[in-house]
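Just so you know, all these numbers are worked out from the coordinates, no wet-lab data involved. Every value quoted in this text rests on a predicted model; they were computed, and no experiment measured them. Every residue, glycine as well, gets a Cβ built from its backbone with ideal geometry; the counts of neighbours run over all protein chains shown.
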Amino acid sequence: MKKFYMLMVFLCMALLAGCGMAQGRAEQTPEDALREMQRAVAQRDREQLSRYVDLEDFLGRTYDEAGHQTAVRIGELGKRYPKDPFFWHDTAFMEDYAKEYREVSMEFMRQILSHYFSGEEPASSYDEHPTSWLSGELGKLYRASRAEVTEIRQDGKKAVAVLRIQGDESPYGRMTDGIELQLGMEQQPEGNWKFTQIANIAGLIVPVTDGAEMFWTYQGWQE
């Protein structure tokens with residue numbers, strides 16, 4: 001179960017890594033909303049972030065789609081990592097697994113983000129306090145990454161922001177480097193824009209799994 005947690009957590013980490021290094025002041029366009037969301041993440045301002053994304057709904061959508069896509073591509077992942085027992089299952093098993101551990105995994109991610117936005121000093125080890133420690137790892141990934149906005153596609157009241165993550169030369173930067181993140185957005189009745197989903201989860205499964213496996217190895221957890 002720890003491995004599945006980490007796949008979901010790493011997807012979360014990639015999301016925040018994609019929200020780095022920007023400035024802005026308004027929210028009348030998708031571009032402005034993206035800049036303000038990035039500012040909120042940089043300042044660890046959860047209240048401000050809530051203006052641009054409903055985290056509970058966003059995490060739920062992300063978890064469900066990521067769990068489904070992992071199950072669909074489990075055969076491919078098994079061939080990519082043949083020595084990893086986590087990938088020795090079939091699609092039906094993984095679909096059931098994702099559903100069974102949904103609430104536990106969601107609470108795990110909620111706690112990590114809560115620790116992250118609190119700005120508190122993270123625990124010194126996973127065993128001491130898993131979610132606190134992982135919030136510190138999330139911070140390391142964030143600091144090792146920058147996001148370049150390559151395109152924003154708008155169609156009426158919907159838009160997709162395409163970001164390419166650039167990692168530095170550190171181990172954490174190598175975990176995120178080259179990941180493309182597509183963030184779906186919708187204009188609200190009040191006129192502001194909110195982020196509603198990761199629009200390219202199917203395409204993220206392999207690179208995010210690669211990053212998670214690098215993280216797993218870096219921590220010395222691989223058998």
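Quick notes on this one:
- In the chain, lysine pairs with alpha-carbon atoms under 23 angstrom apart (chain gap of 8 or more, or interchain): 10
- Region 67-139 and region 164-223 have Cα centres separated by 13 Å.
- Normalising the average separation of contacting C-alpha pairs (under 8 angstrom, six or more residues apart) by the number of residues puts the relative contact order of region 28-110 at 23 percent.
- Label of the coordinate-derived value, Cα extents along the principal axes in Å, listed as [x] 51, 43, 34; [y] 57, 42, 38; [z] 49, 37, 33: [z]
- Förster radius 35 Å - calculated FRET efficiency between Q43 and D84 (Cβ-Cβ, nearest 0.05): 0.40
- Potential lengthening of the chain between D127 and A92 amounts to 9.4 nm, from the contour at 0.36 nm per residue minus the alpha-carbon distance.
- Across the chain, Cα pairs under 8 Å and at least six residues apart give a relative contact order of 23 percent.
- D32-D168 FRET efficiency (beta carbon distance; Förster radius 25 Å; 0.05 resolution): 0.35
- Cα-projected label distance for T196 with E148, points at 7 Å along beta-carbon direction, nm: 3.0
- Sparse packing (at most 12 other Cβ atoms within 10 Å of the Cβ) combined with a DSSP loop state is found for the following trypsin sites (Lys or Arg not before Pro) in region 47-105: K83.
- Span-rule helices in the chain, defined as complete DSSP H runs reaching 27 Å or more along the axis (Cα) with Kyte mean at least -0.5: none
- Net charge dipole size for region 95-223 [Lys, Arg +1 and Asp, Glu -1 on Cβ; Debye, nearest 20]: 580
- With contacts taken as Cα pairs under 8 Å and at least 6 residues apart, region 107-223 reaches a relative contact order of 15 percent.
- Trypsin sites (Lys or Arg not before Pro) lying in DSSP loop within region 107-197, provided at most 12 other Cβ fall within 10 Å: K157
- Computed lengthening from Q219 to S114, 0.36 nm per intervening residue step minus Cα-Cα distance: 35.5 nm
- GluC sites (Glu not before Pro) lying in DSSP loop within region 64-144, provided at most 11 other Cβ fall within 10 Å: E128
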